[in-house]
Amino acid sequence: MNIKRLLVIVGPTGCGKTDLSIRLAERCGAPILSTDSRQFYRGLPVGTAQPTAEQLRRAEHHFIADREVDDELNCGRYEVEALARIEELFRRHDTLIAVGGSGLYVKALCEGMDDLPAVDERLRETLSRRLATEGLASLGAELERLDPRYWAEVDRSNPARVQRALEVCLQTGVPYSSLRTGRRHERPFRIVKIGVELPREVLYERIDRRVEQMMAEGLEAEARRMLPFRRLNALQTVGYKELFAFFDGTITREEAVALIQRNSRRYAKRQLTWFRRDPEVRWFRPDADEAIIRYAEACEN
């Protein structure tokens with residue numbers, strides 16, 4: 001019986017994951033599933049570096065621009081939808097490829113998420129209004145008081161994670177961290193994790209150039225179209241937040257571009273920190289196609 005294999009490609013923004021995944025997909029005849037939490041949404045092709053039309057023609061893709069920005073795909077929902085799609089695709093393929101840099105979504109796909117309570121919509125609306133009127137610092141201060149353990153490790157600049165943790169604290173009356181068991185859910189297929197890395201100075205130079213390219217390709221116009229949706233989780237990300245500040249008149253266009261570059265480099269550093277904690281990730285350069293294929297095949301023995 002053929003072994004079903006999911007090749008999971010991770011790494012920081014700008015390191016060449018997309019090009020690598022398409023080359024491997026062509027070699028293996030494998031469809032690609034995105035694990036990038038912003039590429040799921042329509043209307044954001046430039047700022048989220050979605051695969052181009054030519055790249056989409058070269059390989060079958062899933063979870064790319066398949067929903068509107070107000071149709072939030074959180075980690076728990078993604079786990080359910082992605083596993084259902086994988087089961088369907090494995091009927092026709094022995095190998096699938098997952099690619100993206102959103103650590104929690106990779107974790108949801110490979111290991112599963114903790115069984116947290118369903119969202120209380122009224123509480124979420126209340127906290128969303130507070131976020132809009134009082135700012136992230138207000139929610140953060142309350143989360144720090146209710147769950148100092150989680151506050152010590154959360155990405156404090158990520159509104160979605162701060163708000164969700166606070167929702168659970170207020171809804172259950174217990175710290176969010178106490179409900180995170182970390183129990184791994186077994187998957188009925190083999191998972192091979194590939195990390196893509198570059199020397200730090202090379203990566204940062206690529207990131208700076210890519211931001212300039214995004215601006216040339218119309219990121220500013222894309223952000224203007226998304227301005228009415230700026231409070232949605234899908235827009236709480238590098239590239240859009242800085243341009244929204246430019247539209248508000250609080251910074252110049254040049255300052256916005258410089259901030260996008262700086263914040264993208266910082267995001268890449270956080271991604272590397274996250275993925276380097278995973279001992280299952282084997283690291284390669286983005287052009288090491290043959291070595292990656294040999295490693296993936298060796299993992300089946």
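The values are calculated or read from the model by the stated rules, or taken from the named source; none is laboratory data. Predicted, not measured: the structure shown is a model, and the values here were computed from it. In this analysis, Cβ positions are derived from the backbone assuming ideal geometry, glycine residues included, and neighbour counts consider all displayed protein chains. The accessibility values were calculated without ligands, DNA or RNA, using every heavy atom of the protein model including side chains. Shrake-Rupley method; radii C 1.70, N 1.55, O 1.52, S 1.80 Å.
Which residue is most open to solvent (accessible area, probe 1.4 Å), if the candidates are limited to region 1-21 and must be under 23 Å from residue 87 (Cβ atoms) and outside any loop (DSSP other than H, G, I, E, B)? Per the stated criteria, the residue is 5. The set of residues in region 221-237 that are modelled with pLDDT of 95 or more and buried (at least 19 other Cβ atoms within 10 Å of the Cβ) comprises 222, 223, 226.
The condition (being part of a helix (DSSP H, G or I) and open to solvent by 30 Å² or more (accessible area, probe 1.4 Å)) is satisfied by just one residue among 119, 80, 106: 80. Out of 248, 289, I need the residue that is over 20 Å from residue 207 (Cα atoms), open to solvent by less than 30 Å² (accessible area, probe 1.4 Å) and not small (Gly, Ala, Ser). Which one? When all the criteria are applied, what remains is 289.
Here residue 216 fits the description: in a helix (DSSP H, G or I) and either over 18 Å from residue 120 (Cα atoms) or open to solvent by 80 Å² or more (accessible area, probe 1.4 Å) (or both).
With the structure loaded, tell me whether residue 29 is on the phi > 0 side of the Ramachandran plot, of a type outside the set (S, T, N, Q), surrounded by 21 or more Cβ atoms within 10 Å (Cβ to Cβ) and touching a residue at least 40 places away in the same chain (Cβ under 8 Å) or whether it fails that test. Judged against the criteria, residue 29 is not a match. For region 32-57, a residue qualifies if it is among the charged types (D, E, K, R) and surrounded by fewer than 16 Cβ atoms within 10 Å (Cβ to Cβ), and the qualifying residues are 42, 54, 57. Consider region 292-301 and keep the residues that are surrounded by 12 or more Cβ atoms within 10 Å (Cβ to Cβ) and out of contact with any Phe, Trp or Tyr (no Cβ under 7 Å at 6 or more places or on another chain). The one that is nearest to residue 28 (Cα to Cα) is 293. Within region 96-108, residues that are in contact (Cβ under 8 Å) with a residue 12 or more places away in the chain reach partners that are of a type in the set (D, E, K, R) and part of a strand (DSSP E or B) with beta carbons closer than 8 Å, at six or more positions or on different chains, in the pairs 96/5. Residues satisfying the criterion are absent from region 192-212 (criterion: without any contact (Cβ under 8 Å) to a residue 60 or more places away in the chain, open to solvent by less than 50 Å² (accessible area, probe 1.4 Å) and in contact with an Asp or Glu (Cβ under 7 Å, 6 or more places away or on another chain)). For the subset of region 161-184 comprising residues that are of a type outside the set (D, E, K, R) and loosely packed, with under 13 Cβ neighbours inside 10 Å, which member is farthest from residue 108 (Cα to Cα)? So, considering only residues that are of a type outside the set (D, E, K, R) and loosely packed, with under 13 Cβ neighbours inside 10 Å, the one farthest from residue 108 (Cα to Cα) is 173.
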